[in-house]
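K.L.:
Take this structure, written in structure tokens, and hold onto it; I'll ask about it next.
The values are calculated or read from the model by the stated rules, or taken from the named source; none is laboratory data. Only a predicted model underlies this, so the values are computations on that prediction, with no experimental measurement involved. Every residue, glycine as well, gets a Cβ built from its backbone with ideal geometry; the counts of neighbours run over all protein chains shown. Heads up: the accessible areas ignore ligands, DNA and RNA and are worked out on the full protein's heavy atoms, side chains in. Shrake-Rupley method; radii C 1.70, N 1.55, O 1.52, S 1.80 Å.
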Amino acid sequence: MNSFYEHHKDSINWHYRCFDRILLNGLIQPFQQPERVVGFFNTYRQLYPVTRETLRGIADQFQRWVTERAEKRNIPIVEAPKGRRDEFIDPYFERAKPDAVVAILKAREPARIMIAIGDKVANRWHLQFAQRWVIQYNFYINDRNWGRMFVRVCPYLPFSARICLNQHHWLANRMRQHGIGFKQAANAFLKCAVPDRMQELANSLTPRDLVTCGQKWLAHLTPFFTAREREHAGCQHRLFFSQVEYCDNLIFHRRAALDNLGQRLLDANRTIGQPNKITVIFGRKVTKQYRGKLQTEIEDMNLPNPVVRSHYRNGFIKQYVRDHIILRTEAASNNVNDYGVNKAVENLPALQKSLSEINDNYLNVQQDILETFVDRGQLRKLAEPTITSTGKRIPGLKLDHPRQLALMHALVRFAHVAADNTFTTAEIYPAVIKALGCVPDSYTLASLRYDLSKLRAKGLVAKLPNSRRYQLLPQGYSICLIFLKLFERVYAPLMAGLLSPFKADKRLESQRRSQLDRLYQRVIDDLDTLVQAVGLKAA
């Protein structure tokens, strides 16, 4: 398991991995060569030559078959919508029976088809491939094993096809068969009674599962070939990966924890597209000879859950929050050759291993984003009043309170180390007066004890039993340092540079300034740029 999960496992309820979208291209390999198409018609159909009318007649025959079949089985044939097809087709899947075609979408789309070029008078023709915009048919199916899926078939030779599957639906059917309780939201699982068994089922997916489903429907949806032709002439579609998504899903206990973590991830992932990190993630070295997209971008910023996407060649990995409690990291590819995997579906195990490693590498790169650095309200709690067991109300700590900062100055002095960080109020009183820059009359011992009580209420300081001595606890020492450094080294100098800058500094060359001044100025300039970028600059 990756280090990111190890850091956050206390906040994670359960997790799983599986393929999400699997897009397969179906090709009849003997029909990828024009001369073999001519040989098929000559041998099995006693037809020569193959003319333009022959090819057009095949397409017309397929379209008539689709229309007659749809009328016979009451399957609606509809024009493809302009928007998202998945949402448009949702109603057709309500109460769908197993192994049923629920709807057919017609759409004019580009396809590589066989055309005949020749002379009608001399009846001499030759075949070649060409790219054309033609009507294609998308069959939306409720498969018995795979659930919701679609098969797109081009009615023109060589009957190129595309199959879209989703392992979430396949996994849901398998869990029903095994009596495992779960809650599903589209292509995600929110709850599962036996997560380990679910992961075992997800890992059991084999190439045979893909081939069996694909061959069943492609043989059914290409009625042009006879059983003899399929067996002896090899007129069966072979399946190849076109697009694959493999997702890692971390289901958190609470939405608030994931919301805070998501904001940190958005900030940290802006730099994750650097070549050295892309090399680690995708396991492919980025050299000067590299050609392709190489960047990290944040998409859909207008939505509640933006998507962070890092690109490498034809692949990418994306990370986003879905359904409020799931952090999904998803490796994807439009060309699996980029990852050293061949496209045939028989290479499914190698592809799964490669995409799983990419997900792990991506999460490992984020390992410095620890749960302890995600805001869960600790700073706010330090500023809130403390109510003791007796009902006494003690004010909280303020980042810019002069008396509190002066007390912290006195507490973190090395003078207390030899005494095991213990002290009395009388011992630290002179140091507090000095840090405040005031006279004893304006800050009494009673005032010191009052300020010290605030630190005791927050567990930064403890009073030793049967003694007048106090002890600065390790966590209190660290928090005091943070308060002091943030105020004196960051907030105060930056506010001075922003509100009361020296005009003469603008005329001073950058190299003549001290390094510290140059760093402060860089922060101020970058803040101005950031404010403008997020639209907060005053009109």
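K.L.:
Multiplying the sequence separation of Ile394 and Asn74 by 0.36 nm and subtracting their Cα-Cα distance, what value in nm do you get?
P.N.:
Residue separation times 0.36 nm, minus the Cα-Cα distance, leaves 107.7 nm.
K.L.:
Skip the ligands, DNA and RNA, and give the accessible area per residue of the range 101-224 with a 1.4 Å probe, whole Å².
P.N.:
Value returned for the range 101-224: 43 Å² of accessible area per residue.
K.L.:
Could you calculate, for the range 1-59, the ratio of the Cα radius of gyration to the Kirkwood radius, expressed as Rg to Rh?
P.N.:
1.57
K.L.:
Then there's this: Taking amide H atoms as placed 1.01 Å from N in the peptide plane, list the residues 5 or more away in sequence, or in a different chain, whose amide H sits under 5 Å from that of Leu397.
P.N.:
For Leu397, whose amide H was placed from the backbone, the distant partners under 5 Å are Ala383, Glu384.
K.L.:
At a 1.4 Å probe, what is the % contribution of carbon and sulfur to the accessible area of the range 118-194?
P.N.:
Percent of accessible area from carbon and sulfur atoms in the range 118-194: 47.
K.L.:
Note the full-extension length gain between Val134 and Arg112 as 0.36 nm times their separation in residues minus their Cα-Cα distance, in nm to one decimal.
P.N.:
7.0 nm
K.L.:
Once the piece of chain linking Trp65 and Gln29 is laid out straight, how much longer is it, given 0.36 nm per residue of separation minus the C-alpha distance between them?
P.N.:
Net length gain for the segment: 10.6 nm.
K.L.:
Show me, bin by bin at 10 Å from 0, the whole-percent P(r) of the range 1-154 based on Cα pairs.
P.N.:
8, 27, 25, 20, 11, 5, 3, 1
K.L.:
Express the accessible area of the range 27-98 per residue in Å², computed with a 1.4 Å probe while the remaining protein chains stay in the model.
P.N.:
Per-residue value: 68 Å².
K.L.:
Hand me the tally of lysine pairs in the range 32-170: alpha carbons under 24 angstrom apart, and the pair either on different chains or 8 or more positions apart.
P.N.:
Number of lysine pairs found: 4.
K.L.:
How high is the FRET efficiency between Lys434 and Met1 when r is their beta carbon distance and R₀ equals 41 Å, given to the nearest 0.05?
P.N.:
The formula returns an efficiency of 0.20 here.
K.L.:
Which FRET efficiency value, to the nearest 0.05, is calculated for Arg489 and Asn173 with the Förster distance at 45 angstrom and r the Cβ-Cβ distance?
P.N.:
0.15
K.L.:
Sticking with this one: Using the structure shown, list the pairs from Lys381/Lys434; Lys381/Lys454; Lys434/Lys485; Lys9/Lys485; Lys392/Lys454 with a Cα-Cα distance above 22 Å, or answer none.
P.N.:
Exceeds cut-off: Lys381/Lys434; Lys9/Lys485.
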